[in-house]
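Take a look at the structure set out below.
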Amino acid sequence: MKKKRASRRITLKAPWEIEKLLAANQIVAGVLQMLRGNLLPGVTTYDLDRQAEEYIRNCSAEPAFKGYRGYPATVCISINDEIVHGIPSPARRIDVGDLVSMDVGVIYDGYVGDAAISVVAGEHSGSGLADELIECARDALFKGIEKVKKGKRLGDVSAAIQARVESSGFGVVKQFVGHGIGQNLHEPPEVPNYGTKGRGPKLKKGMVIAIEPMVTAGSPDVRVLSDGWTAVTADGSLSAHYEHSVAVTDGKPLILSLLR
Ligand code: MF3
Ligand code: CO
């Protein structure tokens, strides 16, 4: 989500609410798995969006992004220099080697799930810059998730992500952040992908956050296209995005959007 100011209270979810968030996020995970399999050269981003919406409705769920602040589609599909919020279009065909980030949100039984993956389309060596960038975003996400424990602070999560990204020489996007999630897609707190250990709100059992590092091969500066949504790197460099929704428990972090 776009970084903004306003901060309300962080709500703690009861165990039965965590179960509902798990159900919503499992649908998201299923959609992402399907999209990963269908991301073949020649497919349009519009086709992928149609497939995602059909899958979601077959689960008796609804797309969470469609209509949110006027967003027109089910999935955000962001290719190469596009960071996040790319709008699917019948005019946009996937090419071999494209770095494709796919972000899905679902509302099920009143609760929201949100997760994203990045994939290189088609057969390729698996050892290019795009693969490295994707691995960095994914690993940074998991370094952040490791800190999602009772008694830690949000700054511990943010700092772990930033350290992982910057140690690879990549950039971490600052204009967009993760967020709390529950009955709403975007709830407090904001979850920046940069910050200082030991700072920020203390993590408590029942907090649920969507952590979503966006990393760039060059400068992390962002420009938004004239469609009002698509965020691209200002310098045209490649970008990757990974996201999971995660609950604070009494013990280990519970990754709600990890496919079971
Ligand atoms: N995961 C993204 C976010 O939290 C996707 C939002 S798309 C929108 O910002 F259309 F809903 F804004
Ligand atoms: Co999100």
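The values are calculated or read from the model by the stated rules, or taken from the named source; none is laboratory data. Remember, it's a predicted structure, so these values are computed and weren't measured experimentally. Cβ: placed from backbone, ideal geometry, glycine included. Neighbour counts: every protein chain shown. Note: accessible area is taken over every heavy atom of the protein model, side chains too, but ligands, DNA and RNA are not part of it. Shrake-Rupley method; radii C 1.70, N 1.55, O 1.52, S 1.80 Å.
Annotations
- Farthest towards the positive end of the charge dipole of the chain, among the residues SER118, ALA240, TYR108, is the Cα of TYR108, using unit charges on the Cβ of Lys, Arg, Asp and Glu.
- Coarse-grained scattering of region 101-232 at q = 0.10, 0.19, 0.22 Å⁻¹, given as base-10 log I(q)/I(0) from a Debye sum over alpha-carbon atoms: -0.34, -1.16, -1.38
- Here the Kirkwood formula puts the hydrodynamic radius of region 95-171 at 14.4 Å, using every distinct Cα pair.
- Protein accessible area in the chain, 1.4 Å probe - carbon and sulfur %: 49 percent
- Alpha-carbon Rg/Rh ratio, for region 1-107, with Rh computed the Kirkwood way: 1.02
- Entry note, region 1-90: relative contact order of 21 percent, from Cα contacts under 8 Å with a spacing of 6+ residues.
- Cα centre as origin, Lys/Arg/Asp/Glu Cβ charges: the chain dipole, Debye: 1500 debye
- Sorted peptide list for 74-85, 133-144, criterion being average Cβ within 10 angstrom, highest first: 74-85, 133-144
- All other residues whose Cβ lies under 10 angstrom from that of THR249 are scored, Lys and Arg at +1 and Asp and Glu at -1, for a net of +3.
- Where N is the number of residues in region 129-183, Cα Rg divided by 2.2 N^0.38 Å: 1.19
- The mean sequence distance of close C-alpha pairs (under 8 Å, at least 6 residues apart), as a share of the length of region 63-125, puts its relative contact order at 31 percent.
- Distance in nm between pseudo-label sites at GLU62 and GLN33 (7 Å out along the Cβ direction from Cα): 2.6 nm
- Cα Rg, Dmax, region 15-255, angstrom units: 16.8, 49
- A 1.4 Å probe run over the chain, with the rest of the protein chains in place, finds 43 Å² accessible per residue.
- A dipole drawn for the chain from +1 and -1 charges on Cβ atoms has a positive end, and of LEU35, ALA61, ALA159 the residue lying farthest that way is ALA159.
- Surrounding net charge for ILE161, when Lys and Arg each add one and Asp and Glu each subtract one, Cβ distance under 13 Å: 0
- For the residues LYS2, LYS150, a 1.4 Å probe over the protein chains yields an accessible-area ranking, largest first, of LYS2, LYS150.
- Take every Cα pair under 8 Å whose residues are at least 6 apart in sequence, average their separation, divide by the length of region 61-186, and the relative contact order is 19 percent.
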